[in-house]
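Chemist: Have a look at this one before I ask anything.
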Amino acid sequence: MIKFLIDKIKSFVLHKSMIRFVAVGYVNTLIGATIMFGLYNLAGCGYWLSSASSYLFASALSFFLNKRWTFENNERSAKQIAPFALNIAFCYFMAYSVAKPTIYYLLAAFEQSVRDNAALFVGMCIFTALNYCGQRFLVFNLQRRTNER
């Protein structure tokens, strides 16, 4: 039973789509983090504006890269835009709504800018995990397409 669970976890984590998703994620993270931390720390924008602006831009790039390369999906894009946008919105609000109060509680003794930067980083991590699952199993439905072949 344990070997079965380990094999299932390994096949999920080492799945080709996960490796490609991580590669696309590096590009998106570099671009998105630059926008987010730049807006927050250099332009003086707030927590929500900085993170939302970053995700709007990076999500558009993510849609095209993940659709074609990561999940090898050639279905009509128009049918997938609404589910993709809903997935991004759900993941964004869940990740950043959880990250900020959690980090503010854990780092209560630190300055607001330290807490906000830490919350932005933790939000990125939570978002990535939720977003992968949403894109793989809901938006581009890799499992369904594999079973249809």
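Every number here is computed from the coordinates shown, using simple stated rules; none is lab data. All figures in this text were calculated on a predicted structure; none of them were measured in a lab.
Chemist: What is the count of Lys pairs in the chain whose alpha carbons sit under 27 Å apart, if the two are 8 or more places apart or on different chains?
Modeler: Going through the chain pair by pair, I get 7.
Chemist: Ignoring everything except DSSP H segments at least 4 long, calculate the 222 nm mean residue ellipticity for the chain; use -39,500 (n - 2.57) per segment, divide by total residues, nearest 500.
Modeler: Value at 222 nm, helices only: -26500 deg cm²/dmol.
Chemist: Next question. From largest to smallest, what semi-axes in whole angstrom does the chain give when each is the square root of 5 times an eigenvalue of its alpha carbon gyration tensor?
Modeler: Square roots of five times the eigenvalues give 30, 19, 12 Å.
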